[in-house]
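The values are calculated or read from the model by the stated rules, or taken from the named source; none is laboratory data. These figures come from a predicted structure and were not determined experimentally. Ideal geometry is used to build each Cβ from the backbone, glycine not excepted, and the neighbour counts take in all protein chains shown.
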Amino acid sequence: GQQVMQIPQYQHVQEGEDFTTYCNSSTTLSNIQWYKQRPGGHPVFLIQLVKSGEVKKQKRLTFQFGEAKKNSSLHITATQTTDVGTYFCGGSDPPGSYQLTFGKGTKLSVIP
Amino acid sequence: SQTIHQWPATLVQPVGSPLSLECTVEGTSNPNLYWYRQAAGRGLQLLFYSVGIGQISSEVPQNLSASRPQDRQFILSSKKLLLSDSGFYLCAGQDRQTQYFGPGTRLLVL
């Protein structure tokens, strides 16, 4: 079955440093979604990428979908303490699938 | 988009007791609905999903069951809880291809 691997599992950064998490799928995805879960909270949808090579930005966050639609990344520029949380990617395959296969997430800690 | 309601927020139950967690959805009609479990510090494990009333698919064999008696209601149940059932239970609804999560229920089985 489809597997989605996410690295790193944990990341500690100094406030102001950049952060990147990577997501790799064992199969080609129809789309990939990113979620953020704050400590003690629930996952909240951030963005969806659909097209091969797509890049989307949300303020300091940059999301990329690989050309082969098997990998994705989330990059945060100049981290802030409000960025703390766990970032999950979720991939959907085949198109219209009922299910998202989630990675295990990357837990980001920001040291002030 | 959708709004997902879950209750209770926290639950402490003895081993062997029954469980009923309820999830209701506002927004899109006939949504796909999901139950996930998240162990402490771990990822999201899909337990059940439903594409309509009375239609339940189970992803992993377990001590739990799910039911969908109404379009916007999804229930997670157990007849006898095990210690290993402890975790953070999340209900989600799908709107187009995006999943919207409820606030979750933290279950501690003692």
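Please indicate, with yes or no, whether at least one residue in the stretch A:12-29 is loosely packed, with under 13 Cβ neighbours inside 10 Å and within 20 Å of B:L44 (Cα to Cα). For the stretch A:12-29, residues loosely packed, with under 13 Cβ neighbours inside 10 Å and within 20 Å of B:L44 (Cα to Cα): absent.
Of everything listed in (1) within 24 Å of A:G40 (Cβ to Cβ); (2) buried (at least 21 other Cβ atoms within 10 Å of the Cβ), the single unmet condition for B:A9 is (2).
The conditions of being assigned to a strand (DSSP E or B), farther than 18 Å from A:Q3 by Cα, among the charged types (D, E, K, R) and within 14 Å of chain B (Cβ to nearest Cβ) are not met by A:K57. Within the stretch A:27-50, can one find any residue that is out of contact with any His (no Cβ under 8 Å at 6 or more places or on another chain), assigned to a strand (DSSP E or B) and more than 14 Å from every other protein chain (Cβ to nearest Cβ)? Within the stretch A:27-50 (the criterion being out of contact with any His (no Cβ under 8 Å at 6 or more places or on another chain), assigned to a strand (DSSP E or B) and more than 14 Å from every other protein chain (Cβ to nearest Cβ)), the answer is no, since none of the residues qualifies. The C-beta contact set for the stretch A:71-93 (first residue crowded, with 19+ Cβ neighbours inside 10 Å, second residue in a helix (DSSP H, G or I), distance under 8 angstrom, 6+ apart or interchain) comprises A:I76/A:D83.
Would you call B:L19 hydrophobic (A, V, I, L, M, F, W, C), surrounded by fewer than 13 Cβ atoms within 10 Å (Cβ to Cβ), more than 23 Å from A:Q37 (Cα to Cα) and at pLDDT 95 or above? Spell out the reasoning first.
Details: hydrophobic (A, V, I, L, M, F, W, C): yes; surrounded by fewer than 13 Cβ atoms within 10 Å (Cβ to Cβ): no; more than 23 Å from A:Q37 (Cα to Cα): yes; at pLDDT 95 or above: yes.
For B:L19, the condition - hydrophobic (A, V, I, L, M, F, W, C), surrounded by fewer than 13 Cβ atoms within 10 Å (Cβ to Cβ), more than 23 Å from A:Q37 (Cα to Cα) and at pLDDT 95 or above - is not met.
On the basis of being more than 22 Å from B:R96 (Cβ to Cβ), among the basic types (K, R) and surrounded by 15 or more Cβ atoms within 10 Å (Cβ to Cβ), does A:K36 make the cut? Taking the combined requirement at face value, the residue does not satisfy it.
Residues that are surrounded by 19 or more Cβ atoms within 10 Å (Cβ to Cβ) and part of a loop (DSSP other than H, G, I, E, B) within the stretch B:53-85 comprise B:L64, B:R72, B:L81, listed in sequence order.
Every residue, every condition in (1) of a type in the set (S, T, N, Q); (2) at pLDDT below 95, yes or no:
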residue: B:Q45; (1), (2): yes, yes
residue: B:G52; (1), (2): no, yes
residue: B:V60; (1), (2): no, yes
residue: B:P69; (1), (2): no, no
residue: B:L90; (1), (2): no, no
residue: B:Q99; (1), (2): yes, yes
residue: B:G102; (1), (2): no, no
residue: B:T105; (1), (2): yes, no
residue: B:V109; (1), (2): no, no
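Determine whether B:L21 is over 22 Å from A:I47 (Cα atoms) and either of a type in the set (D, E) or part of a loop (DSSP other than H, G, I, E, B) (or both). Here the answer is no, as B:L21 does not meet what is asked.
Could you check the stretch A:29-51 and list, in sequence order, the residues that are touching a Phe, Trp or Tyr at 6+ places or on another chain (Cβ under 7 Å) and polar (S, T, N, Q)? Residues satisfying the conditions are A:Q33, A:Q37.
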